[in-house]
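> So that we are looking at the same thing, I have put the structure below in structure tokens.
The values are calculated or read from the model by the stated rules, or taken from the named source; none is laboratory data. Since the structure is predicted, the reported quantities are computational estimates derived from the model, not experimental observations. Methodologically, a virtual Cβ is constructed for each residue, glycine included, from the backbone with ideal geometry; neighbour enumeration extends over all protein chains shown. Remember, those area values only see protein heavy atoms, side chains included, never the ligands or the DNA or RNA. Shrake-Rupley method; radii C 1.70, N 1.55, O 1.52, S 1.80 Å.
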Amino acid sequence: MKARDLWQGAVKTLHDAKVPDARHDALALMAAVLHKKPLEVLADPEMVASEEQAAKYLAFVNRRALREPLQYILGSAFFMGFEFQVGPGVLIPRQDSETLCERAVKAAKTGGRALDLCCGSGCLGISLKLLRPDLEVALSDISDKALEVTEKNARRLGADVRLLQGDLFCPHQGQKYDLILSNPPYIAREEMESLDPEVRLEPELALLAGVDGLDFYRRILKGAGDHLNPGGILLLEIGSDQAEAVSALVKDGFSRPRIHFDLAGLPRVLETGLEGGVH
Ligand code: GLN
């Protein structure tokens, strides 16, 4: 069967299911089934899918029509140019979070110790290690499932990092870092209802942060002082409407918060540090 006919039919199926990027997703799934690049599929109208490939494709399209995230179906997502394995139980890396990673790559002091707190798939800490091999990087998460995925990603991408399991700073007793970066859960309880169906299939553990979405910022800011070296830097991803609220939580002993913006021009990263640091 012609691949083109199949994926053009799928565009309609996905469109009818109100999938936001129907054309993109139909093509991405076809490329995955054929082990080709989307552009190769697009460029060759005569490309053929075997019966088995066609059946697999239709199963993928049906899952996507039920609003399962594209990356869970594909089994991977790109972040900072690296391919990370993802699956149910782990938050899908977002392009927005590259702002946090890029800032960490720039700000980390040479040969320093860095910590990715609430690491999920490991996309932040692993990318940081790959882009700044001089750093010693640790990653931790409360979820065993997430850490399994992190470990796989670190191995596949060849990143020599340390993994720890536990709630926030619990596995870091007595440890100090020069840079702590975190994309913690930051969705308020009320907001959970209004998330896209795809996001609601992602782990609540990675998203929900109490009544006002600020629980983890409170806890991280409370604990960070004990786990940063003098002059150490704290980088937090924030929701685009949280800059003011999180800034207000930054208390004595920390430098005045600085906000970094994502590619959509939205406030996305809050930077502070133990006083005495260079910012
Ligand atoms: N940025 C994510 C979203 O839009 C939220 C991630 C998080 O809570 N850390 O759903």
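> Heavy-atom accessible area of His24 with all protein chains present, probe 1.4 Å, nearest 10 Å²?
Counting only protein heavy atoms, His24 exposes about 110 Å² to solvent.
> OK, next. Scan around Leu228 for amide H atoms under 5 Å from its own, H built in the peptide plane at 1.01 Å from N, and keep only partners 5 or more places away or cross-chain.
Here Tyr177 satisfy the definition.
> Just to check I understand the Karplus step: with θ = phi - 60° and J = 6.51 cos²θ - 1.76 cosθ + 1.60, what whole-Hz values come out for region 44-60, glycine and proline as x?
Result, ordered by residue: 10, x, 8, 4, 10, 10, 5, 4, 5, 5, 5, 5, 4, 4, 5, 5, 4 Hz.
> Tell me which lysines have Cα within less than 28 Å of Lys2's Cα, excluding those fewer than 8 residues away on the same chain?
Those lysines meeting the cut-off are Lys12, Lys18, Lys36, Lys37, Lys56.
> Starting from the Cα-Cα distance between Asp241 and Ala55, subtract it from 0.36 nm times their residue separation and give me the gain in nm to one decimal.
Numbers: separation 186, 0.36 × 186 = 66.96 nm, distance 4.35 nm.
Stretched out fully, the Asp241 to Ala55 stretch lengthens by 62.6 nm.
> Output the antiparallel fraction of DSSP beta bridges having both residues in the chain, as a percent to the nearest 5. Mind showing how you got there, number by number?
Numbers: 15 of 34 bridges.
Just about 45 percent of them are antiparallel.
> Still on this structure: Just by accessible area at a 1.4 angstrom probe, what is the order of Thr99, Thr13, Thr150 from largest to smallest?
Numbers: Thr99 20, Thr13 60, Thr150 0 Å².
Listed by decreasing accessible area, they come as Thr13, Thr99, Thr150.
> Place a +1 charge on the Cβ of each Lys and Arg in the chain and a -1 charge on the Cβ of each Asp and Glu, then give the dipole magnitude about the Cα centre in debye, rounded to the nearest 20. Walk me through the numbers before you get to the answer.
Values: 33 positive and 41 negative charges, 91 e Å.
Dipole of the chain, to the nearest 20 debye: 440 debye.
> Taking a 1.4 Å probe, which of Phe60, Phe78 shows the most accessible area, and what order do the others take after it? Don't skip to the end; give the middle numbers.
Details: Phe60 30, Phe78 135 Å².
Heavy-atom accessible area, descending, gives Phe78, Phe60.
> Another one. Equivalent ellipsoid semi-axes for region 18-118, as square roots of 5 times the alpha carbon gyration tensor eigenvalues: give them largest first, rounded to whole Å.
Details: eigenvalues 224, 49, 27 Å².
Here the semi-axes work out to 33, 16, 12 Å.
> Tell me the net charge near Val149. Cut-off is 15 Å between Cβ atoms, Val149 excluded, with +1 for each Lys or Arg and -1 for each Asp or Glu.
Working: positive: Lys145, Lys152, Arg155, Arg156; negative: Glu83, Asp116, Asp141, Asp144, Glu148, Glu151, Glu202.
Local net charge: -3.
> Using Stokes-Einstein with the Kirkwood hydrodynamic radius over Cα pairs, what translational diffusion coefficient do you get for the chain at 10 °C and a viscosity of 1.306 mPa s, in µm²/s rounded to a whole number? Numbers along the way, then the final one.
Numbers: Rh = 19.9 Å.
Calculated translational D: 80 µm²/s.
> Let me ask you something else. Between Lys222 and Lys176, what length comes free when the chain is fully extended (0.36 nm per residue of separation minus the Cα-Cα distance, one decimal in nm)? Spell out each step's value before the answer.
Details: separation 46, 0.36 × 46 = 16.56 nm, distance 1.45 nm.
Extending this stretch completely gives an extra 15.1 nm.
> Please list Glu68, Glu83 from largest to smallest accessible area, probe radius 1.4 Å, with all protein chains kept in place. Provide the component values of the computation, followed by the final result.
Numbers: Glu68 40, Glu83 70 Å².
Putting Glu68, Glu83 in descending order of accessible area: Glu83, Glu68.
> How would you classify region 238-279 from its alpha-carbon gyration tensor, with a ≥ b ≥ c the square roots of the eigenvalues: rounded for a/c under 1.5, else prolate if a/b is greater than b/c, otherwise oblate? Before the final figure, lay out each step's value.
On the way: a/c = 4.26, a/b = 1.68, b/c = 2.53.
Verdict is oblate for region 238-279.
> Only sites in a loop by DSSP and with at most 15 other Cβ atoms within 10 Å count here; which GluC sites (Glu not before Pro) in region 174-225 make the cut? Walk me through the numbers on the way to the answer.
Values: sites: Glu190, Glu191, Glu193, Glu198, Glu204; in loops: Glu193.
Loop-located and lightly packed - Glu193.
> Across region 178-184, in residue order, what do the Karplus-derived ³J(HN,Hα) couplings come to in whole Hz, using 6.51 cos²θ - 1.76 cosθ + 1.60 with θ = phi - 60° and x for Gly and Pro?
Taking θ as phi minus 60°, the curve returns 8, 8, 10, 10, 8, 10, x Hz for region 178-184.
> Between His35 and Gln165, what's the calculated FRET efficiency when r is the beta-carbon distance and R0 is 45 Å? Round to 0.05. Write out the running numbers ahead of the final one.
Numbers: r = 35 Å, r/R0 = 0.77.
Working from the Cβ atoms, E equals 0.80.
> Further question: For region 75-138, what value does the Rg/Rh ratio take when both radii are computed over Cα atoms and Rh is the Kirkwood radius, given to two decimals?
Numbers: Rg = 11.4 Å, Rh = 11.9 Å.
With Rg and the Kirkwood Rh in hand, the quotient comes to 0.96.
> Next question, about the same structure. Could you calculate, for region 8-77, the ratio of the Cα radius of gyration to the Kirkwood radius, expressed as Rg to Rh? Before the final figure, lay out the partial values.
Values: Rg = 11.2 Å, Rh = 12.0 Å.
Checking Rg against Rh, the ratio lands at 0.93.
> For a quick check, take a GNM of the chain with Cα springs below 10 Å and name the residue from Ala107, Ala146, Ala224 with the largest mean-square fluctuation.
Maximum fluctuation in the GNM of the chain, among the listed residues, is at Ala107.
> List the lysines whose Cα lies under 24 Å from the Cα of Lys129, skipping any in the same chain that are fewer than 8 positions away.
Qualifying lysines at Cα under 24 Å: Lys106, Lys109, Lys145, Lys152, Lys176.
> Turning to a different aspect of this structure: Based only on Cα atoms, what mean projected area does the convex hull of region 178-224 have, in nm²?
On the way: hull surface 14.3 nm².
Computing the convex hull of the Cα atoms and averaging its projections yields 3.6 nm².
> Still on this model: Within the chain, which is the longest segment that contains none of the trypsin sites (Lys or Arg not before Pro) sitting in a DSSP loop with at most 13 other Cβ atoms within 10 Å? If you can, show how the numbers build up before the last one.
On the way: sites that count: Lys18, Lys251.
The longest uninterrupted stretch comes out as 19-250.
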